[in-house]
Amino acid sequence: MNQLRKLVEPISKTVKNFKKGEVECLIVLFQRLVEKANVRLDNAGLDRNAFRTILYSLFGMTDEKLMNRVFFAFDKDNDNCINVNEWVAGLSVFLRGTFEEKLKFCFEVYYLNGDDGYISREEVFDLLRNSLHQLSSKEETDEGVKELVDITLKKMDYDNDGKISFADFEKAVKEERLLLEVFGQCLPEAKICLDFEALAFRHLDTS
């Protein structure tokens, strides 16, 4: 219990969206999930496979490519393992993030393969093809995607440099909020968030 308290204090100071009791619940849940995943204790975190299982079972995500990208967006120190700090910080955006926080998170998920902070034309193509490939055959998809890429860049690439910067993305999404997850789902639906909170915080006194 003392060890748990030692974790709660510093983590609570870094996230503004959770109360101390909620942070404690999320830490306990994290420890249970790590045990369930049979991860080595010296690692003390969730690897990509364990985290993808959680995204699928607890948050209803099914797209493997985007689940991988969400993992890397949570994994801030790039050690291929999500530690307890990254878990709570990520859930802070997932469950209760402001519009601006969610905007930054989605952009980070989408541009992840490039180090330059832009979503390139190729990246737009890959993301849209990934979304549409589940609906039709590959041959039909590729032709349709090329057209969609042109339409998307026309709508979102405000400075006409052939790629989408964060400023482009922010402006487009603020004008039309449906564009927040234009390249695929990387945030859980509102009802799923409420269900997760009900599960995670069920032992808290809400009176």
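The values are calculated or read from the model by the stated rules, or taken from the named source; none is laboratory data. Bear in mind the structure is a predicted one, so any value in this text is a computation, not a measurement. Cβ atoms come from the backbone with ideal geometry, glycine included; neighbour counts cover every protein chain shown. Side chains are part of the model used for accessible areas, which takes the heavy atoms of the whole protein and leaves out ligands, DNA and RNA. Shrake-Rupley method; radii C 1.70, N 1.55, O 1.52, S 1.80 Å.
Counting only helices (runs of 4 or more DSSP H) that fall entirely inside the range 31-109 and contain at least 1 residues that are small (Gly, Ala, Ser) and over 21 Å from residue 131 (Cβ atoms), the qualifying elements are 48-59, 84-96. Restricting the range 5-19 to residues that are of a type in the set (D, E, K, R) and assigned to a helix (DSSP H, G or I), the residue that is modelled with the lowest pLDDT is 5. Screening the range 178-198 for residues that are part of a helix (DSSP H, G or I) and in contact (Cβ under 8 Å) with a residue 12 or more places away in the chain and picking the one that is farthest from residue 150 (Cα to Cα) gives 197. Picking from 22, 35, which residue would you name as being among the charged types (D, E, K, R) and either open to solvent by less than 40 Å² (accessible area, probe 1.4 Å) or modelled with pLDDT of 90 or more (or both)? On inspection, the qualifying residue turns out to be 22. Consider the range 84-102 and keep the residues that are of a type in the set (S, T, N, Q) and in contact with a helix residue (DSSP H, G or I) (Cβ under 9 Å, 6 or more places away or on another chain). The one that is most open to solvent (accessible area, probe 1.4 Å) is 85. For the range 166-179, the tally of residues that are at pLDDT below 95 and open to solvent by less than 50 Å² (accessible area, probe 1.4 Å) stands at 1.
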